[in-house]
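All remarks here apply to the structure that follows.
Readers should treat all values here as calculations from the given coordinates under stated rules, not as data from a laboratory. Predicted model, so just to flag it, every value in this text is computed and none were measured. Note that each Cβ is placed from the backbone with ideal geometry, even for glycine, and that neighbours are counted across all protein chains shown.
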Amino acid sequence: KQEVTQIPAALSVPEGENLVLNCSFTDSAIYNLQWFRQDPGKGLTSLLLIQSSQREQTSGRLNASLDKSSGRSTLYIAASQPGDSATYLCAVWAAGNKLTFGGGTRVLVKP
Amino acid sequence: EAGVAQSPRYKIIEKRQSVAFWCNPISGHATLYWYQQILGQGPKLLIQFQNNGVVDDSQLPKDRFSAERLKGVDSTLKIQPAKLEDSAVYLCASSQTGGAGETQYFGPGTRLLVL
């Protein structure tokens, strides 16, 4: 059974600092891995999707890496801003056509 | 393109009462998902529909939860009777075909509080 873990559960940084969010998964037989953002009271917004054959994906200040063999992904957010404050979730598509989520990392960027 | 719509946005009920949530997926999307997200946790899949048929309901507590998607478009999730531990956000998502690895689009969720 696929398990996804995100550490730390919460993170607080001053504005301008780079953010590093970690995600690990137990079964490396995945189709892809996605990073989502969730704002309070709102649904999930997809940030980046990395196919299993890819090593990284970039969008603006966001960069996500994937190391399937070690079961790890890292989301980097450069030069953080207060607007980046949210909960970030990673999720993997695995066998059985099921999207399995981690518990999320709650991020606070202080002005 | 309109996104996934859900209603109500918030609901407060007492334990043992019943409640229903509604979801309207993105037009043309064949696959619809209901997730339960307990505070501090990631979403957990409750049920997946392909058109109006159930693909996966292995994690749906069938003694109290039920869901339907009669015409292959809108869906309703019901809880009867509710328990305190059902307090959570219920997220609806849809995707075009339900293929492995396909992007899912999420609605804003319904926040349920059971007292």
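Things to note:
- Candidate set from region B:100-110 (those that are surrounded by fewer than 22 Cβ atoms within 10 Å (Cβ to Cβ) and facing chain A (nearest Cβ under 7 Å)); member that is nearest to the chain's Cα centre (by Cα): B:P108
- A:S80 being within 13 Å of chain B (Cβ to nearest Cβ), of a type in the set (G, A, S) and not in a strand (DSSP E or B): no
- Matching residues, region B:1-37, being aliphatic (A, V, I, L, M), out of contact with any Lys or Arg (no Cβ under 9 Å at 6 or more places or on another chain) and more than 18 Å from A:G41 (Cα to Cα): B:A2, B:I13, B:I26, B:A30
- Leading residue by the ranking (farthest from A:Y88 (Cα to Cα)) among those in region A:27-56 that are of a type in the set (K, R) and either part of a strand (DSSP E or B) or away from chain B (no Cβ under 11 Å) (or both): A:R55
- Members of region B:85-95 found to be of a type outside the set (V, I, T) and either surrounded by 15 or more Cβ atoms within 10 Å (Cβ to Cβ) or within 8 Å of chain A (Cβ to nearest Cβ) (or both), listed by number: B:D86, B:S87, B:A88, B:Y90, B:L91, B:C92, B:A93, B:S94, B:S95
- Members of region A:1-26 that are among the polar types (S, T, N, Q) and in a loop (DSSP other than H, G, I, E, B): A:Q2, A:N18, A:T26
Here's the yes/no breakdown for (1) closer than 23 Å to A:F36 by Cβ; (2) in contact with a helix residue (DSSP H, G or I) (Cβ under 9 Å, 6 or more places away or on another chain); (3) more than 13 Å from chain A (Cβ to nearest Cβ); (4) of a type in the set (V, I, T):
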{"position": "B:I26", "(1), (2), (3), (4)": "yes, no, no, yes"}
{"position": "B:N51", "(1), (2), (3), (4)": "no, no, yes, no"}
{"position": "B:S66", "(1), (2), (3), (4)": "no, no, yes, no"}
{"position": "B:R69", "(1), (2), (3), (4)": "no, no, yes, no"}
{"position": "B:L77", "(1), (2), (3), (4)": "yes, no, yes, no"}
{"position": "B:G98", "(1), (2), (3), (4)": "yes, no, no, no"}
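- Selection count where residues are surrounded by fewer than 16 Cβ atoms within 10 Å (Cβ to Cβ) and among the hydrophobic types (A, V, I, L, M, F, W, C), scope region A:63-104: 3
- Residue match in region A:46-60 (condition: surrounded by 15 or more Cβ atoms within 10 Å (Cβ to Cβ) and β-branched (V, I, T)): yes
- Any hit, region A:85-98, residues being out of contact with any Gly (no Cβ under 6 Å at 6 or more places or on another chain), of a type in the set (D, E, K, R) and not in a strand (DSSP E or B): no
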